[in-house]
Amino acid sequence: MLARSIVAQQISVAAAKTINARVVELVAPQRLSAEALLAVSPARLRAAGVSQQKAAYLADLAARVAGGEVRLTGLARRDDETIIADLTKIKGIGRWTAQMFLIFALGRPDVLAEDDLGLRGAVQRIHALPAMPSKAEFRGLAAPWSPFSTVASWYCWRSADLKLIGGPRRG
């Protein structure tokens, strides 16, 4: 999941899906793991469509996991902030990526991704704000969501999708 997240940063969903499939093919028949990634050269990753910078990030992820600096086993038993602190040691993984990992890989129910521009944009539309809320304003507006901030975030993200297709139908 972390490797896939690195690959997917700042590219379309379709492109990420294609490139991630190519990376998985590079390590086949093994599954995608730190050891398998370490065995793939940066040139082969580049040939699969991974940028030079992301190839370096994948190498850093693999080296830190294989070397034991970042432990993925037992991760789910740790609290959110500890997980974020551990994951952000890895080049290419910032707070937002770590929060997405908490939401989508670990299913944490109360993650508020204040750096997510799509989420803050949805809150702007929902509250009819003249501008996107600052992180502090967003935290204030989202405070009532706790302890289910993740669920509220899903609804906000979906509202953005509905906006793209013309909004909800009435009557």
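Where a number appears in this text, it was derived from the coordinates with a stated rule and is not lab data. Keep in mind the model is a prediction, meaning the values are calculated, not measured. Virtual Cβ from ideal backbone geometry, glycine too; neighbours counted across all protein chains shown.
Considering every residue within segment 5-25, establish whether at least one is small (Gly, Ala, Ser) and in contact with a Ser or Thr (Cβ under 6 Å, 6 or more places away or on another chain).
Looking only at segment 5-25, we keep the residues that are small (Gly, Ala, Ser), and these are 5, 8, 12, 14-16, 21.
From what's left, in contact with a Ser or Thr (Cβ under 6 Å, 6 or more places away or on another chain): 5.
Yes, segment 5-25 has at least one match.
For segment 91-130, give me each residue that is outside any loop (DSSP other than H, G, I, E, B), among the small types (Gly, Ala, Ser) and surrounded by fewer than 19 Cβ atoms within 10 Å (Cβ to Cβ). Quick ask: steps written out before the conclusion?
So the first thing to find is which residues in segment 91-130 are outside any loop (DSSP other than H, G, I, E, B), and the list is 95-104, 117-126.
Restricting the remaining residues to those that are among the small types (Gly, Ala, Ser) gives 98, 118, 121-122.
Answer for segment 91-130, where residues must be outside any loop (DSSP other than H, G, I, E, B), among the small types (Gly, Ala, Ser) and surrounded by fewer than 19 Cβ atoms within 10 Å (Cβ to Cβ): 118, 121.
Counting just the residues of segment 67-90 that are among the charged types (D, E, K, R) and assigned to a loop (DSSP other than H, G, I, E, B), which one comes out nearest to residue 56 (Cα to Cα)? Before the answer, list the steps.
Within segment 67-90, the first condition is being among the charged types (D, E, K, R), and the residues that meet it are 69, 71, 77-81, 86, 89.
Restricting the remaining residues to those that are assigned to a loop (DSSP other than H, G, I, E, B) gives 69, 71, 78-79, 89.
Working: 69: 17, 71: 19, 78: 27, 79: 28, 89: 14 Å.
Taking the candidates together, the pick is 89.
Among the residues of segment 96-129, which ones are of a type in the set (Phe, Trp, Tyr) and in contact (Cβ under 8 Å) with a residue 24 or more places away in the chain?
Filtering segment 96-129 down to residues of a type in the set (Phe, Trp, Tyr) leaves 96, 101, 104.
Within segment 96-129, 101, 104 meet the criteria.
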